[in-house]
Amino acid sequence: MRILTKVLALGLYVTSCLRPAEPGTAPAGLPKVVAPLTEGTWTWIGKMNTGNQTSDVVVTVGVKAVGDTWVIRHVVSSPGRDDAIDIGTLDRQTMECIGREAVQGPMTMKLDTKGGKVKGSITVSGRVQTIETDAGGPLFADGIAARQSIVALPLAEGYTTTYRTLDPQLKPRIVELKVAGTEKVTVAAGSFEALRVETRALDGAPEPMTLWMDKGSRKLVKMAAVIGPTTVSAELK
């Protein structure tokens, strides 16, 4: 059954045909976590560019400790589109993604992903598709939550690691992360001495992304990404 799956990617909704996943090839386990997340709510402002079309986006990011989990909630608003909500539930000690939910217009998604065993469903306009597959190992955060969770890693100049996540078609993807250096960046929230963190997929389309993390507070202050034919940029307000 062909189903339209709209996946949140900082305001970009990727329409795809869902395919069975195959196990990934990253080493078992997850990147080492050295710092907790910070509870709070932040607002990002950004733009999406596809061809000659440019759209403004406003992203509200909330991080909350709930029992032995972190719940990371993103709400993306963009003119002409329904608000998109993406929620990741992570293990507080390891940042493993154990649950994922998304809502946007007529689409809802709810997944249990503990241990890399992906189970759940996607519903579009009342049509339900059951999902059950093996990602080949535990997922580090997942979706947009992964961008917020990298601040928990032992980031420093020269640091590199790999981790497993899901691509927009819910296939496992191995991502390489490296800290390329330190830069001074100025955004709406102020000026920061930031680590430049670069990620790219090792299998499939690279879809590179660059994140800037303030060295002092360990919060993300700026990002730029290529997602299919679209470029996305955003900064902390």
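Condition check ((1) over 22 Å from Thr60 (Cβ atoms); (2) out of contact with any Leu (no Cβ under 7 Å at 6 or more places or on another chain)) across all residues:
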| residue | (1), (2) |
| --- | --- |
| Ile144 | no, no |
| Arg147 | no, no |
| Leu170 | yes, no |
| Val179 | yes, no |
| Thr182 | yes, no |
| Ile227 | no, no |
| Thr231 | no, yes |
| Ala234 | no, no |
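Report those strands (runs of 3 or more DSSP E) wholly inside segment 152-208 carrying at least 1 residues which are more than 18 Å from Leu30 (Cβ to Cβ), of a type in the set (A, V, I, L, M, F, W, C) and out of contact with any Ser or Thr (no Cβ under 6 Å at 6 or more places or on another chain). Fully inside segment 152-208 and qualifying: 172-187, 190-201. In segment 30-59, the residues that are at negative phi never reach a residue that is of a type in the set (Phe, Trp, Tyr) and loosely packed, with under 11 Cβ neighbours inside 10 Å with C-beta atoms less than 6 angstrom apart, at least six apart or across chains.
Conditions tested, residue by residue: (1) farther than 15 Å from Thr165 by Cβ; (2) acidic (Asp, Glu).
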| position | (1), (2) |
| --- | --- |
| Thr186 | yes, no |
| Ala189 | yes, no |
| Arg196 | yes, no |
| Thr199 | no, no |
| Asp214 | yes, yes |
| Ser217 | yes, no |
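Does Val232 qualify as being β-branched (Val, Ile, Thr), part of a strand (DSSP E or B), crowded, with 20+ Cβ neighbours inside 10 Å and touching a residue at least 60 places away in the same chain (Cβ under 8 Å)? So Val232 passes the test.
Here's the yes/no breakdown for (1) surrounded by fewer than 21 Cβ atoms within 10 Å (Cβ to Cβ); (2) at pLDDT 90 or above:
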position	(1), (2)
Trp212	no, yes
Ser217	yes, yes
Leu220	no, yes
Ala224	yes, yes
Ile227	yes, no
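Gly158 meets all of the listed conditions (1) in contact (Cβ under 8 Å) with a residue 40 or more places away in the chain; (2) surrounded by fewer than 17 Cβ atoms within 10 Å (Cβ to Cβ) but one, namely (1). Annotation: of all residues in segment 133-151 being outside any loop (DSSP other than H, G, I, E, B), of a type outside the set (D, E, K, R) and in contact with a helix residue (DSSP H, G or I) (Cβ under 9 Å, 6 or more places away or on another chain), the one that is surrounded by the most Cβ atoms within 10 Å (Cβ to Cβ) is Phe140.
All told, Thr89 meets the bar of being in contact with a Ser or Thr (Cβ under 8 Å, 6 or more places away or on another chain), among the polar types (S, T, N, Q) and buried (at least 17 other Cβ atoms within 10 Å of the Cβ).
The values are calculated or read from the model by the stated rules, or taken from the named source; none is laboratory data. In this text the structure is predicted, and so the values were computed from the model without any measurement. Every residue, glycine as well, gets a Cβ built from its backbone with ideal geometry; the counts of neighbours run over all protein chains shown.
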